[in-house]
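The values are calculated or read from the model by the stated rules, or taken from the named source; none is laboratory data. Given the structure is predicted, the values throughout are model-derived calculations rather than measurements. Backbone-built Cβ (ideal geometry, glycine too); neighbour counts: all protein chains shown.
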Amino acid sequence: MSIAFAQSTPLNRGDETHTAAYCLRPAISAKEDQQYLTAMCYVSIFPMRHPPLSIQEEEKILLRLPQISPWRRGWGRTGDIALLAINPLTQQRIGAIWCRLFPSAPAFVSGFYDPNVPLVSLAVTKSSRHQGVGGSLLHAIKQAASQHGYTALSLGVTAKNTAQVLYEQHGFQRCSVHSPSGLITMAVELTVPENGNVR
């Protein structure tokens, strides 16, 4: 699977897209990738809390949380796509984005738009934020979803979350605002120009 595009002019090598600071690749079924996705799912849902100190020890507990279980249970079904940002020097994972289809709005997952529209979530490690990683992951998941035949993506964000600006820069628009929680559902249509790259 080909992935685009990182922040600066990329150098494509197989399934990876490289810049001077990081590269993107698909998450695989290997235990380390899947545990990292679980940890990043926690960071995405609870951004004000400290991330898990040891995902190996806490994974079973995290997977039982009603906010995380809908995302991670039975991962690998149709519609599941996950991409990782990697520091090419240390090979450490520094961010992740993933999407999944839901037949209806899950009780503890915000951003549901349509059963045929994958719901997206994103998280970047604290030390790697404000370096274009989140934007690169958003661009890449849009292309990957389009290549899988999807025509739109949706996500949920709180009214106070400054990431709204990033989402709007990548084409996401408000669909609904839920009161009094202040949760916002945003969606983007995936248009494919003649060069094959999703905007």
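Can you confirm whether region 67-79 contains a residue that is in contact with a Pro (Cβ under 8 Å, 6 or more places away or on another chain), modelled with pLDDT of 95 or more, surrounded by 13 or more Cβ atoms within 10 Å (Cβ to Cβ) and not in a strand (DSSP E or B)? Yes, region 67-79 contains at least one residue that is in contact with a Pro (Cβ under 8 Å, 6 or more places away or on another chain), modelled with pLDDT of 95 or more, surrounded by 13 or more Cβ atoms within 10 Å (Cβ to Cβ) and not in a strand (DSSP E or B). Residues in region 80-104 that are loosely packed, with under 10 Cβ neighbours inside 10 Å and under 16 Å from residue 31 (Cα atoms): 91 alone.
Checked against the criterion of being closer than 29 Å to residue 176 by Cβ, free of Cβ contacts under 8 Å to residues at least 40 places away in the same chain and of a type in the set (D, E, K, R), the candidates 114, 80 yield just one match: 80. Looking at region 1-56, the strands (runs of 3 or more DSSP E) lying wholly inside it that each contain 3 or more residues that are at pLDDT 95 or above sit at 23-26. Just to be sure before I move on: is residue 147 surrounded by fewer than 22 Cβ atoms within 10 Å (Cβ to Cβ), out of contact with any helix residue (DSSP H, G or I) (no Cβ under 8 Å at 6 or more places or on another chain), of a type in the set (S, T, N, Q) and farther than 20 Å from residue 72 by Cβ in the structure I sent? Spelling it out, residue 147 is indeed surrounded by fewer than 22 Cβ atoms within 10 Å (Cβ to Cβ), out of contact with any helix residue (DSSP H, G or I) (no Cβ under 8 Å at 6 or more places or on another chain), of a type in the set (S, T, N, Q) and farther than 20 Å from residue 72 by Cβ.
With respect to the conditions (1) surrounded by fewer than 23 Cβ atoms within 10 Å (Cβ to Cβ); (2) charged (D, E, K, R); (3) within 19 Å of residue 166 (Cα to Cα), residue 114 lacks only one, and its number is (3).
Of all residue pairs spaced 6 or more apart or on separate chains, those with beta-carbon atoms under 6 Å, a first member in region 52-74 that is at negative phi and a second member that is surrounded by 14 or more Cβ atoms within 10 Å (Cβ to Cβ) and assigned to a loop (DSSP other than H, G, I, E, B) are 58/52; 62/68; 70/106; 70/109.
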